[in-house]
1. Please give the FRET efficiency for A:K96 paired with B:A35, using the beta carbon to beta carbon distance and R0 = 51 Å, rounded to the nearest 0.05.
2. How far, in degrees from 0 to 90, does helix B:22-38 lean away from the longest principal axis of the Cα atoms of chain B, to the nearest 10?
3. Full extension from B:K27 to B:S53: what is 0.36 nm times the residue separation minus their Cα-Cα distance, to one decimal in nm?
4. Tell me the angle of helix B:84-93 to the major Cα principal axis of chain B, expressed in degrees between 0 and 90 and rounded to the nearest ten.
5. Send over the Kirkwood Rh of the range A:1-69, from the inverse of the averaged 1/r over different Cα pairs, rounded to one decimal Å.
6. Taking 2.2 N^0.38 Å as the expected size of a compact globular protein, what ratio does the Cα radius of gyration of the range B:1-82 give against it, to two decimals?
7. Across the protein assembly as shown, how large is the tail of the calculated P(r) beyond 25 Å, expressed as a percent of all Cα pairs?
8. For A:D78 and B:I8, what is the calculated FRET efficiency with R₀ set at 51 Å and r taken between the beta-carbons, to the nearest 0.05?
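A short reminder: the numbers here are calculations on the coordinates, not readings from a lab. Just so you know, these numbers come straight off a predicted model, no measurement behind them. Reconstructed Cβ throughout: ideal geometry from the backbone, glycine too, with neighbour counts over all protein chains shown.
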Amino acid sequence: MGEEEPVNRFSLTFPSLAPNVSFARSTVAAFASQLDQFTLEDIEDIRIAVSEVVSNVVIHAYPKGAGPVRVEASLYHDRVEVVVADNGCGIADVEKAKEPAFTTLPGERMGLGLTFVQAYMDRVEITSRPGEGTRVFMVKRPGSGVSKGQLPEG
Amino acid sequence: MNLSLETIEDVLLVRMRGELDLETAAKFRVLVEEALDHRPGLKHLILDVSGLSFIDSSGLGAILGRYRQFAERGGRVFVVGVQPGVGRLLELSGLFRVVEVAATAEEALARVQGEVGSVDG
């Protein structure tokens, strides 16, 4: 994204506990709302994406308990960039994890979390090293995303 | 998340208010399972989501899980009072293709109770 400086930014770290999923999505949504061009639907898209990614950390990253989740957001004149990172177990196969309906925890998990993230955000980059952690970088621009219709090609 | 449960004959009516995510989905699952343990005769499920302001894939998974539970009993599952924000995720996830949709709990109840035949044969 070049040398451009963000207009505003924040970073926070909290333990990977289920109640913090709501905290994280509300915080990022409130922060992104500072960019007037975002519609209510854009903000809702961001809320869903953050909820999915932070839920994934809570569910998968630290199998032995809770660990740190870092959420960073940077606001530019035309977009918000969000990073969610953990120091957990990592994802063995990122491409596989992005496939619709893929889950390592069948049952009540639909495997749609990352599919939603890709549908609602403009850009999503996942980097993961097994045993070291995962970093999800997401970009949302005003007026983008899917409001209706079908899932993107997997 | 505020959940209220009501039983009408063999129908479990769950009214949801607030946000259905990873944390609250667990609460929803436990409450429905307790209701089923307490009243094994329950057959159908009506989920009133008119007060639901947010849902993500964890919440959708919990609804799908309850759908499977009631479908196994030969029951019907309705989602009623769907608002646009929640509706687009129900659509995107394909849940609208498995659950029945009604405008209100009353309408869903009328459709269940209008079934031909008696409850326990």
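1. About 0.85, to the nearest 0.05.
2. Roughly 10 degrees between the two axes.
3. Working it through step by step, the gained length comes to 7.7 nm.
4. On a 0 to 90 degree scale, this one is about 80.
5. On the way: mean 1/r = 0.0756 Å⁻¹.
Hydrodynamic radius (Kirkwood, Cα only) of the range A:1-69 equals 13.2 Å.
6. My calculation over the Cα atoms of the range B:1-82 gives 0.98.
7. 47
8. Between A:D78 and B:I8 the formula returns 0.45.
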